[in-house]
Every structure is written in structure tokens, then in C-alpha cells.
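Accompanying notes for the structure given below.
Read the figures in this text as sums done on the coordinates, not as results from a lab. For clarity, every value in this text was computed on a predicted model and none was experimentally measured. Cβ coordinates were reconstructed from backbone atoms using ideal geometry, including for glycine residues, and neighbour counts include every protein chain displayed.
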Amino acid sequence: MTSFSNDDTGTEQAKIERVLRLISLLKERRRTVPQLARAVNTSPRSMYRYLKLLDKIGYHLENDEQNRYWIFEGESTTITFTVEETAILRPSLSGLKASSPLYASIERKIYLTSELVPLAAELLDRHRAQIVTQLNEAIKAKRQVRLLRYHSSNSNSTTDRLVEPLSFTDDFSTLNAYEPQSQKTKTFKVSRIEDLEVLAGLQENDLPNPEIDIFGWTGPEPIFVELHLTPTAYQLLIEEHPAARPYLERIKAVPYSYLLSIEVRSFVGIGRFILGLHQNIAVVQPQELKDYLNEIVAGMGY
């Protein structure tokens with residue numbers, strides 16, 4: 001894990017603020033590289049590196065015949081930082097300890113000038129950070145935990161859940177845990193955990209951790225899937241499932257701009273994603289996934 005000395009802190013924070021200002025500028029209107037460089041006080045050469053960085057971490061950049069750049073957001077709604085708001089992040093970022101499990105997650109998200117830099121505003125929520133830290137400690141100590149007032153979107157209920165935490169997704173947004181009551185390994189959204197109680201009892205499940213796909217589902221065998229995505233589907237995919245980024249590549253197959261090539265463990269999770277954006281996604285393979293989706297659609301009745 002990358003560590004920063006006190007002397008490096010100011011420099012790293014300046015880089016973070018520059019990136020956030022750049023995102024804000026690119027969302028406002030189209031600008032040339034020299035205009036962007038002047039706006040964030042850097043050189044045109046460095047600006048090209050920043051633009052490459054934004055593309056790498058998932059922003060859909062467009063440029064026109066005048067070489068003006070902007071961020072394409074499709075129909076999705078995302079949080080936008082103003083130039084003034086970027087300054088608010090400074091105390092929050094400096095408050096993160098290098099030993100915090102959040103550091104590892106944030107480091108995996110953004111690569112900047114050969115160093116991994118903390119930049120994930122959604123993880124700077126102090127309460128959520130505390131929950132992640134407690135869960136991480138419970139994983140290491142193999143303790144049971146009680147998720148207090150957990151809201152389940154499947155059952156539309158809020159209950160306390162006794163679980164044995166196993167691991168996190170790469171962005172720490174989802175917990176993989178064994179639930180003794182159902183005797184199944186399930187996924188739990190960290191944002192839906194209102195509070196947490198670490199129990200004295202040790203974990204009882206000694207089975208190997210099952211493979212869980214990026215959509216949060218398990219299954220006996222991996223299934224290779226390829227999808228064509230429009231920019232809108234791409235944007236929503238990386239917002240809802242950031243771990244999908246390494247499996248995406250750009251293509252030119254109008255109206256599709258991205259190819260997702262990934263192994264899943266079940267058609268349930270990826271099927272829900274596809275059906276929610278059916279006009280923005282084309283299934284390339286396998287045929288079994290197409291049959292699964294067609295069967296669901298055929299069974300719909302209102």
C-alpha cells in the first residue's frame with residue numbers, strides 16, 4: 001500500500017483538488033486542452049495525463065473537431081463538485097489514516113503520476129467509514145457481527161441480521177457474509193447498514209468462501225458473458241458496480257461504445273441489470289443468457 005509522508009500530503013491534496021476541478025469544468029461545457037490547463041494551473045502536457053487518468057477511472061470523455069473535451073454523462077445523474085466545493089475535501093482526506101481499510105479501496109480506484117491517490121468522496125462519509133473499519137476488524141478476528149436495522153431491497157424490510165463477515169468488494173461498497181439463519185453466503189450493501197455490533201462469538205462457518213460475481217451472486221460454475229453497452233449503460237454499470245471497470249473496453253459498434261467481457265456465477269444479477277437497461281444493452285453471448293431473459297420477458301403480465 002502506498003504511504004505518504006507529511007511533506008507529501010500538501011502535494012497530493014493539491015493533485016486531488018486539481019482533478020476534482022477538472023471534472024467540474026469538463027461537465028460544465030466543452031473546453032480545449034490549453035483552456036483546461038490554464039483553469040487548473042498546469043501545463044498542457046500534464047493536462048493530457050489528467051485526461052488519460054479520467055478515462056482510466058471510468059469517465060466517458062468526448063472531444064470534437066476543434067479538440068474540445070467534455071464529460072459525457074448520458075441520462076445518468078451524478079454528483080458534481082464546484083471549484084469551491086473541492087476545498088472542503090482537504091480536511092476529510094487528511095483525516096484518513098494510512099492504516100484504515102478505506103485507504104486500500106481508494107488506492108485501487110485512481111492512479112495519478114505513478115502513485116495511488118485517495119479520491120473517493122462516497123467513502124469519506126465518516127459513519128460509513130467507521131462501519132467498514134469495524135467490519136474489517138471482525139473479518140480479521142473471525143467474529144460474528146449483527147447488522148443493525150439493515151434495509152433489504154428484496155423484501156423491502158428493515159431488520160437486524162446476524163452474519164459472519166468474509167470479505168468486501170474492491171470498493172468496500174458491498175459486504176460478503178455468511179448468514180447462519182439461512183445457511184447461505186449473501187451480499188449486503190454497506191450503505192444500507194444503519195449500525196453495527198461486533199459480537200464476542202467466533203464464526204462457526206468453516207467452509208471455503210464461495211466465488212461471488214460483481215453483481216453479488218454465487219453459483220457452481222463461472223459463465224462467460226459478453227455485452228455491448230451504450231455510454232448510458234456503461235456509466236450506470238461503473239456507478240453501481242465499480243469492480244466491472246477492468247472488464248470493459250471501448251468498441252465502435254453504433255449505438256454501442258463499450259464491450260463488457262466477464263465471468264458471472266448466475267444470470268440473476270446480470271439479468272436484472274440488463275432488463276433495467278434493455279434499450280441500452282445487447283447480449284453478444286451466451287445463448288443461454290438470451291434464453292433466460294426472453295423467458296422472463298415472456299412471463300411478464302400486467
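Averaging Cα coordinates gives a centre for the stretch 25-43 and one for the stretch 254-302; these two points are 38 Å apart.
With neighbour counts taken as other beta-carbon atoms within 10 Å, the residues Phe172, Phe273 rank, fewest first, as Phe273, Phe172. Which chymotrypsin sites (Phe, Trp or Tyr not before Pro) from the stretch 32-69 combine a DSSP loop assignment with at most 11 other Cβ atoms within 10 Å? Answer by residue number: there is no such site.
Sorted on the mean count of surrounding Cβ atoms within 10 Å across their residues, most packed first, peptides 127-136, 198-207 read 127-136, 198-207. Highest mean packing first, where packing is the average number of other Cβ atoms within 10 Å per residue, the peptides 285-292, 222-229, 32-39 line up as 222-229, 32-39, 285-292. Taking the fewest neighbouring Cβ atoms within 10 Å as the starting point, the ordered list for His278, His151 is His278, His151.
For the stretch 201-302, take N as its residue count and report Rg(C-alpha) divided by 2.2 N^0.38 Å. Working it through for the stretch 201-302, the quotient is 1.20.
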